[in-house]
Structure formats: structure tokens, C-alpha cells
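Chemist: I'd like to ask some things about the structure below.
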Amino acid sequence: MPVTTPLQPADPLIELAYNGPLEETPWHGFLKALGQRIGCRSAGFTLRLSRAGRSPLVIWGDPPSIDDEEARRIRAAHAELGHLDPLRNALNKPGDIHTLDEVTTPEVLHASEFYRRVLKPYGIEHALGMYVSEPGGWEGNLGLINDGDADFTDADRELLLALKPHIERSLAVFAKLQRHESELHALTETLDRLTISTFILDDRGRVLRANGAGQALAKAGQVLRIAEEQLRLVNRGDDARMKVAIEAALAARAKSSDASFVDALRVRDAEEQNLGVLVRTVGRSIPFLGDAAPALIVYLSGASDARPVERLVMQLFDLTPSEAQLATLLAAGLTIAESAERLGLTENTARTYSKIIFSKTGVGRQAELIRLILRSVAVLG
């Protein structure tokens, strides 16, 4: 069927607005182009509005030419005086749009502390601002600034209003990306605290992401490394076994999107210490994913020294420092004799301590103590 209503080309500003969430500095390209279109000194986007004690997060198209120390001073002043910002206070609901001259007079503005400490150092005499928001809770002001006698016109106002729906949709995309990223960061940070190295692989076995513990392990290069986007164990025999497990997991996932594949193997590091590797598939909970989506997770534990948890074990189970040290070693799988040697105690003294630990924690065997401590929040410390 012939096309009778061809698509009209989109305004370059609209294209830049939707590309904003993907930029390293969000909306920088859009703001720079907007300032050039208007012919003003700069355009800015305040993503996080100022509140008492909190400075706003402002992104500039063309940043004002001040040094870093002065910028830090202005941010601190903005956090202190943000409630006195006349334009910020006039923009209360989506679609509100005002110039600075509409909400205050030059005489009142120049007499205010907010002007002297925040606006004047930037050379701001005129501003046009518009409030935007998205359903998830993000709000912000899209603004234009000028110095001297160059104020803003009705045409400038109309351009911002025309951009409003596009900015708000773009802001909603940005908010969703940020929520997912912050949730993922919280989960990976938890695994870091557990010193579990975690690697996310795609459908081709390429490493998409590693948590902090995994990055440190790969950088050290003594146990594993990432070569050509592939996860490789340094020991060739162990690497071959892990490769088989990864290929089996990928094959299972390719056969069925709901496949639940788990395999574990024991490997050794350079010091001949046992490490645990677990390979498991990631379910396709989201239907619209490409080949670069997470397909497998590879966990590796035991390769790094955990931060001491004795203090937390002591607080949780009302143990003395010596008892907490012994309990932590026993929970790590050491025998009474090995723990006594590590702590410089006699084996009889260690056995006496262990009986006290069992009594205080309400367990009867080392296996129960291990289970109790590993299930406690102490391991997150």
C-alpha cells in the first residue's frame, strides 16, 4: 500500500530530548542546543530541586565560567538559601512557566541574599523557568538564563511549552532507568559485602557486568580474568570445566526460556585454597530482551578475605571478643584444633570457649553454629 501520509521530520531538539537519558551527562546535548536556539547565555535543567540543607542538581548546556572552588561555594549557599529562590518558589505545578522579572522586581531581587550569594556570582540577571515532573516522583525545572538587558520573549516561552511533553516523557524514561540501576547497585553491594564475586553473562557467554568483588578478582588475575569479554579461570583444567558448565547452561536456556539450570564446581586458587563456582541461568521474566540481556550468573566465593565480622557476632550473640573470634573461625569451617592454633590458644581452652558459645547461642553442634551465623545479618558486615 502506498504511503499517503509520510512522516514529518522531528525537530532536532525533540530528538536530543529523548536521547538525554542515555548521555553520560543527561540532556547535556539537548541543553546546549536549546541555549543556541534561543540565543541565551545558557540553558539548564535542575533535576533535583533545592530543599532545606540540600543543594540542587543542575545540569548546564554551557556551564558558567567559574572555578571549582567557587562552584562548591555557590552550591553550599544554594543549599542554605534555596527556600529564598523566587523563581523556584513560583514554579509549583507541571506546566508553570515564569520569568524572573514576573515574580520579583529588580530592586527586591538585588537586595536579597539569594541574589548576592547564588545568582550574582553566575552573572544571572534574567531567567525563564518551567516546572516538569513524571509520575514516579522526579521533578525539575527547565530554565534559561541571561545577563545584562537580554530578557526572554513570548516566543521563548512558547518553545519551552512545546517541549514540555517531550521533556516529561524523557524524564520518565530517565527515572525508570535510574530506579533499575539503583536497585541493581543495592543488590550487587550486598554481594560485595558477602565477598561473593558475581559475573553476569549474556546469551553468547560475554561478561555484561561484574560486581565490585568480581572486578577486583579479575583485576588481580590470580584466579580468573576477563579475556575478549569471556570469563576465564587461570587454571586450565578448572577453566575447561567451567566452560562446559557455562555452555550447558546456555544450551538449556536456548532450549527453554523457563529452564532452571544450576551447576557447581570446586576449583583452586594459586595458593591451593578451595573456591566454589556456581553457574545458573537467569529466567526470562521480561519478554522483550535481546541477545545482550542477562542470561547467566556466575558466582565465585572464597577467593577474597572477608572483612572481620567478630564485632557483629559479639553484639548479636552476646559473646566476649575471644568467644566471637572463635565462633567466627568455627563458622568458617575450621576445626577446634585449627581455630586454637590460629588464635594462639590451647585446644582445651578452645573447647571450653566452644561450650560457652554453644550455650549462649543455643546450639549443640558446630554445624548448627555455622548455619546460625551464616544466616545472621553479621555476614553482611
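The values are calculated or read from the model by the stated rules, or taken from the named source; none is laboratory data. No experiment lies behind these values; they were computed from the predicted model shown. For neighbour counting, all protein chains shown are included, and Cβ atoms are generated from backbone atoms with ideal geometry for every residue, glycine included. Heads up: the accessible areas ignore ligands, DNA and RNA and are worked out on the full protein's heavy atoms, side chains in. Shrake-Rupley method; radii C 1.70, N 1.55, O 1.52, S 1.80 Å.
Chemist: For K255, go through the lysines and keep the ones whose alpha-carbon is under 22 Å away, minus same-chain ones fewer than eight residues off.
Modeler: K243
Chemist: Expressed as a whole number of Å, what is the distance separating the alpha-carbon centroids of segment 44-109 and segment 315-381?
Modeler: 56 Å
Chemist: Which order do you get for K164, K360 if you rank them by accessible area with a 1.4 Å probe, largest at the top?
Modeler: These residues rank, largest area first, as K360, K164.
Chemist: Order the following by accessible area, largest value first: I357, I196. Probe radius 1.4 Å; ligands, DNA and RNA are ignored.
Modeler: Descending order: I196, I357.
Chemist: Taking a cut-off of 23 Å between Cα atoms, list the lysines near K120, but don't count ones fewer than 8 places away on the same chain.
Modeler: Straight-line reach from K120, under 23 Å: K32.
Chemist: Round to the nearest 0.05 the FRET efficiency obtained for Q36 and L84 when R0 = 22 Å and r is the Cβ-Cβ distance.
Modeler: Efficiency computed from Cβ-Cβ geometry: 0.10.
Chemist: OK, next. From the protein chains alone at 1.4 Å, what is the descending order of accessible area for H78, H98, H110, H185, largest first?
Modeler: The ordering from most to least exposed comes out as H185, H110, H98, H78.
Chemist: As a check on your grasp of the helix formula, calculate [θ] at 222 nm for the chain: sum -39500 (n - 2.57) over DSSP H runs of n ≥ 4, divide by the residue count, round to the nearest 500.
Modeler: -13500 deg cm²/dmol
Chemist: While we're on this one: What helices in the chain pass both tests, a Cα length along the helix axis of 20 Å or more and a mean Kyte hydropathy of -0.5 or higher, using whole DSSP H runs?
Modeler: 154-193, 236-255
Chemist: Using Cα pairs closer than 8 Å and at least 6 residues apart in sequence, work out the relative contact order for segment 103-253, in percent.
Modeler: So the answer I get is 12 percent.
Chemist: Still on this model: Carbon-plus-sulfur fraction of the accessible area of segment 80-217, 1.4 Å probe, in percent?
Modeler: Looking at segment 80-217 in its full context, I get 54 percent from C and S.
Chemist: Output the relative contact order of the chain, whole-number percent, from Cα pairs under 8 angstrom with separation of 6+ residues.
Modeler: This gives 10 percent for the chain.
Chemist: Same structure again: Leaving out ligands and nucleic acids, and using a 1.4 Å probe, what accessible area per residue does segment 124-225 come to in Å²?
Modeler: Value for segment 124-225: 49 Å² per residue.
Chemist: Among L300, L13, L316, determine the one that fluctuates most according to a GNM of the chain built with springs between C-alpha atoms less than 10 Å apart.
Modeler: In the Gaussian network model the winner is L316.
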